[in-house]
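Right, one structure below, let's go through it.
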Amino acid sequence: MNELNQVEKQINRLKEQINHHNYRYHVLDSPEISDAEYDQLVRELKQLEEKYPQFLTPDSPTQRVGAAPVEAFGVVEHPYPLLSLGNAFSEEELTSWYTRTSRTLGDEHFDLVCEHKIDGLAVALTYVDGQLVTGATRGDGFRGENITQTLRTIRSVPLSVSRDAPPRFEVRGEVFLPVAGFHRLNEERAQEGQPIFANPRNAAAGSVRQLDPRTTARRPLDIYIYMLGYAEGKTVPDTHWDRLDYLKSLGFKVNPNNALFGSIKEVEEYYQRWISNRESLPYEADGVVVKVNSVIRQDRLGSVGHEPRWAIAYKFPAVEGTTRLKEIAISVGRTGTLNPYAILEPVKVGGVTIKQAALHNEDDVRRKDIREGDWVTVRRAGEVIPEVVGPIVSKRTGKEKEYNLLEKIFDKAKGRPACPVCGAEVVRPENEAMYYCTNTACPAQVHHDIGLFVSRGAMDIRGIGESLSAMLLNEGFIRDVADLYSLKEKQEQLSQLEKMGEKSVDNLLAAIEVSKDRSLARLIYALGIRHVGGEMAQLLAGEFDDLDDLKNASSERLLEIEGVGPKIAESITKFFAQPENLKIIEKLREAGVWPRRTPAEADKLPLAGMEFVITGCLDAFSREVAQERVKALGGTAKDNVTRNTTYLVVGEDPGGSKLTRAQALGTRQLTEEEFLALLEKQRRQ
Ligand code: IVH
């Protein structure tokens, strides 16, 4: 008993320490210990929890991503509705709100709190007895979606708070993706051939509305708490400002740019200051929220419909401008997509000169009825590529030209539409909004291919940037990625190139040479097969001996691999059916870029060679997730017990036949607890 007491104390001490350092790192941005020291604390805690599972609690910092994917989001009723905000678009509108408010309050003086209106996703977090119990979206204000599991993965969301906190309370705040994280995410998605997010708001919303919390956990989401929803069982401060301070003291992340003012003049100054500085913020803000500080006064003011009278969103001027659209041009993306974009008369929008803007796809151009020669509104939403909002129809002269992509790329000599870069045929797959160039050797595509091939997650060849690869292509040094490896034969000519001294040629060739040793997984990823991102490449590298083996795989064989669906299998077989790609692979082989499956990729994983069958229901996660975990550690997961089965994992209400067969064969059985312990132990090694 005594020993157990000691253990419990030690566990609690570790949890406190980890929570403290988590808070320093994720909320205050001011860590006190190194990452390695932090990891050591987490390791110690995990070891103890594994040995003494009776002390494992859901609020433990080891349990942020423990949960299974939810089948669908449940519904959460908000005990107090989540309101939205009325808008003010000018100083006059703000003043008139202020005058109205002042009059309703009987002309007594009142303070105002200013906060940034962050462009993210509103959430409500409920804590009971110090524990986070529910996290929900705003929904329609009365009922939201239950996204507790994904919100738990955000490091700045406390899983538990001090016992001094009210026994039951709700805080509200904005989940957002910092601008830098947004760009990184989109780069990754572009490379993996996934659609990119239009703005950080969509990216944040898409990230928390994931069925699998592990996906959310990989996104660098953050949160600012902007108000106390309600508190029961304890008196809390009676001004908004003091409540924010109080929430900060409980461990919540509160925006340090918030400010308290005594006059509307100061509000206007704050607003003007941030209009000039908004680009320097690590998040996207589209205005200032102005709130009456006294909660008693807030209650007296009440609300109309969804909008409180005690607060208003003072919107930053939209970064929009108008200009003439000279021409709709077409660029070719990595996967061969033909992307229409607008060439504009240069126009200054929010201090930045814009000459081009995105148009997404042809359907979009048609829907908005954007014509060449039109006057258009363009918008620059913070960090994202400027876009054409729509035409200003009243300014039309009749000379504008309707846009038709096929007409635009019609090649008279060939008598058919052709890729504007290489002249190859173009197709539009059914159910897609995009046209594609069918030539994988199209220089525009190859330029993107090289970008992916040399990137960090792929062959990691330093020194080949956009402009150098464009130059190598234009000057005919390379025609595809494999040609990089024959550059050494052209060393002399290379040093004649602009900005290429002997030294930089040497460095470049050396970097290319060492990349020959990259793993099979990296090479598979580097080939840029559609739908094959880094993780999928890793999975394939564990299944196939080398590129030949993968090339020869039938779609049946591919489909047998857990995690490979019809879309991926089709994309892989299509890739290897293209003669251009086979040529590249042959060139790679000749150049000695021929990694094989190495023990590091499959056999060295801790569960390699072990076969698992699972029967019955597991508490910790669904059977599918359990199988995925086994595979991630190199094991295999099967549906039936055979002589090859290493372990039968027995959950609740196990199926009779598997158990009987295991008993007959003498297969080792694991309880769920033993299974979890085994996974955890192997994962750490
Ligand atoms: S206060 C009654 N404060 O703006 C007050 N909202 O249209 C309700 N938002 O859905 C919200 N930053 O997601 C408040 N500092 C801030 C905010 C903020 C962003 C969002 C919030 C809400 C929307 C209101």
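How many of the residues making up segment 83-121 are within 15 Å of the ligand (Cβ to nearest atom) and either of a type outside the set (Gly, Ala, Ser) or open to solvent by less than 20 Å² (accessible area, probe 1.4 Å) (or both)?
18
In segment 570-685, which helices (runs of 4 or more DSSP H) lie fully inside it and hold 1 or more residues that are modelled with pLDDT under 80?
Of the helices (runs of 4 or more DSSP H) lying wholly inside segment 570-685, those with at least 1 residues that are modelled with pLDDT under 80 span 623-632, 656-665, 672-684.
Does segment 316-328 contain at least one residue that is open to solvent by less than 60 Å² (accessible area, probe 1.4 Å), within 16 Å of the ligand (Cβ to nearest atom) and aromatic (Phe, Trp, Tyr)?
Yes, some residue in segment 316-328 is open to solvent by less than 60 Å² (accessible area, probe 1.4 Å), within 16 Å of the ligand (Cβ to nearest atom) and aromatic (Phe, Trp, Tyr).
Out of 624, 611, 628, 674, which single residue is open to solvent by less than 60 Å² (accessible area, probe 1.4 Å), within 36 Å of the chain's Cα centre (by Cα) and of a type outside the set (Phe, Trp, Tyr)?
611
Among strands (runs of 3 or more DSSP E) lying entirely in segment 334-381, which contain 1 or more residues that are within 30 Å of residue 425 (Cβ to Cβ)?
In segment 334-381, 338-349, 352-358 are the strands (runs of 3 or more DSSP E) which contain 1 or more residues that are within 30 Å of residue 425 (Cβ to Cβ).
Give me the pairs, please: first residue somewhere in segment 483-510 and open to solvent by 50 Å² or more (accessible area, probe 1.4 Å), second residue anywhere and modelled with pLDDT of 90 or more and of a type in the set (A, V, I, L, M, F, W, C), beta-carbon distance under 8 Å, and either six or more positions apart or on two chains.
Within 8 Å, the pairs are 488/509; 488/512; 490/477; 491/505; 491/509; 493/477; 498/471.
For segment 203-212, check the following and say yes or no: at least one residue is touching a residue at least 60 places away in the same chain (Cβ under 8 Å) and crowded, with 22+ Cβ neighbours inside 10 Å.
Yes, segment 203-212 contains a residue that is touching a residue at least 60 places away in the same chain (Cβ under 8 Å) and crowded, with 22+ Cβ neighbours inside 10 Å.
For a quick check of your reading of the model, give me the residue pairs whose first member lies in segment 560-572 and is surrounded by fewer than 20 Cβ atoms within 10 Å (Cβ to Cβ), whose second is of a type in the set (Asp, Glu) and at pLDDT below 90, with beta-carbon atoms closer than 8 Å and at least 6 apart or on different chains.
562/628; 563/628
Consider residue 124 carefully, then state whether it is in contact (Cβ under 8 Å) with a residue 60 or more places away in the chain and touching a Gly at 6+ places or on another chain (Cβ under 8 Å).
When the stated conditions are applied, residue 124 passes them.
The values are calculated or read from the model by the stated rules, or taken from the named source; none is laboratory data. These figures come from a predicted structure and were not determined experimentally. Positions of Cβ are backbone-derived with ideal geometry, glycine not excepted, and every protein chain shown enters the neighbour counts. Accessible surface is based on the protein model in full, side chains and every heavy atom, while ligands, DNA and RNA are left aside. Shrake-Rupley method; radii C 1.70, N 1.55, O 1.52, S 1.80 Å.
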